[in-house]
Structure formats: structure tokens, C-alpha cells
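All remarks here apply to the structure that follows.
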Amino acid sequence: MAPCIMVVDDEEKVRKIISRYLKEEGFQVITSARGDEALEIALKEEPDLLVLDLMLPGLSGGEVAEEIRKYSEVPILMLTARSSEEEKLKGFGQGADDYVVKPFSPRELVARVKAILKRKEGYQERQQINVTKEITYHSKEAKVKLKDKDVGLTATEFKIFQVLLNNRGRVLNRDQLARQALGIDYEGFDRTIDVHIKNIRQKLNLERNQLIETVYGLGYRMQEED
């Protein structure tokens, strides 16, 4: 069955354009114009990815993302008319996996949707690794667990954790992390990785240099087991 994409935007024209391009690529599409309605539908229908406008009636896109993250790790592609770094960082902190700034190319949006889903599908190999005595990595489920409880990493956070784990003991700079975790065509800014690392640490109850170490001036490293 084709992946289901939920498009949430209060502008009917935007919803129709995005829906048309996604359907042409074989995706199923459901839509909503309000944040409160979108949250209800998303939790019921469980789409494979959300295209979520930041400014919505009822609930803002950020509020919708925060609520969804309490129950689901579904990838979220945020739409915004604001291109400031702080606005993007706030969105990543609320659970967004990627950003597209309005006005945007529908083809670029579809390409980003495909890239996010491809990263998600790349987690399917059967594997479990005991990262520490309390933290386990589950590749098949695309989950990281703390004391056998899923910590709710987003798809992007999981991929960054996966790259660090695969390169354990090696320092990776932000560009290396972004390109290995997010793809060769990723275009972002340095602090995006910092925000994702901060979120990972918080969800795993890690101190600043516990397990995932900041190597000043160089990047990040997942420490070897003691």
C-alpha cells in the first residue's frame, strides 16, 4: 500500500497543490485546514508523514507537533513563511524532522517527503544493540529504548543516533552528521544538529558529555563502552 501523507494547511490553494503533486507520485493524501482537527485525524488515521503548516487556526503547527510527539514518532515536515534560524530551531525542538519555507517548489517538497520516508525505511534491518546497560538500539523498530521503554526519538533523531553508533569512538563534525543522517542533498545550518543532539540527550536522560560527547571545535562522538 502506498504511504499516506497528511497535508495540514489553512490555505486551500496550498493544500490542493501539495496534494496534486503527492498523488502524482503515487502517495495517498488526507488533508486538514485546522490544527485541532489535524491532531484528531492524525492520531486516528496514523499517516506515514505529516506536512504541517506552522500557522494554523485552532492549534498552531508547533502545538500539533508537540502533542503528536507524546504518542507517535511519525515524521513531520514543517511549512513556514518564516525563514529565521531561531524559528527553525524552535520547530525542531517541537519535533519537526525537516523544514520547507514558503514560497516553495512543490517538487522540492515532494523530494523532501521521499527523502524522509527513505531514511525511515532504511531502518528495517533486524538488529538490537546494547548501547549501555540501560540503553538499547532496535534497528527493526527504528527505536532507542531506555530501561526497555521507548524514548520517542523522531525519525531524524534516530538516524543521528544510528550514525553516531555506527561510528562509535570516532569524532564526526556537524556536516558529516547531517549528510550521513539526512542525505547528501541536505541543506541546513550548523545548529540544527546541535538541537537534535540536545533532544536526544534529554530523552535518554544523559548528562552533557555522557555517552554522546561534545568535542569542542570538532563535533560529536559516541563514547566507547567502558
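Answer with yes or no whether Tyr21 is more than 19 Å from the chain's Cα centre (by Cα) and either of a type outside the set (Val, Ile, Thr) or surrounded by 17 or more Cβ atoms within 10 Å (Cβ to Cβ) (or both).
In short, yes.
Yes or no: Lys88 modelled with pLDDT under 80, within 14 Å of the chain's Cα centre (by Cα) and of a type in the set (D, E, K, R)? For Lys88, the condition - modelled with pLDDT under 80, within 14 Å of the chain's Cα centre (by Cα) and of a type in the set (D, E, K, R) - is met. Looking at Ser32, Ser60, Ser72, just one residue is touching a strand residue (DSSP E or B) at 6+ places or on another chain (Cβ under 7 Å) and hydroxyl-bearing (Ser, Thr, Tyr), and that residue is Ser32. Looking at the structure I just gave you, is Glu108 assigned to a helix (DSSP H, G or I) and free of Cβ contacts under 8 Å to residues at least 12 places away in the same chain? When the stated conditions are applied, Glu108 passes them.
Checking each residue in the range 54-66 for being surrounded by fewer than 24 Cβ atoms within 10 Å (Cβ to Cβ) and either assigned to a helix (DSSP H, G or I) or not aliphatic (A, V, I, L, M) (or both) picks out Pro57, Gly58, Ser60, Gly62, Glu63, Glu66.
The values are calculated or read from the model by the stated rules, or taken from the named source; none is laboratory data. Quick caveat, the model's predicted, so the values are computed rather than measured. Note that each Cβ is placed from the backbone with ideal geometry, even for glycine, and that neighbours are counted across all protein chains shown.
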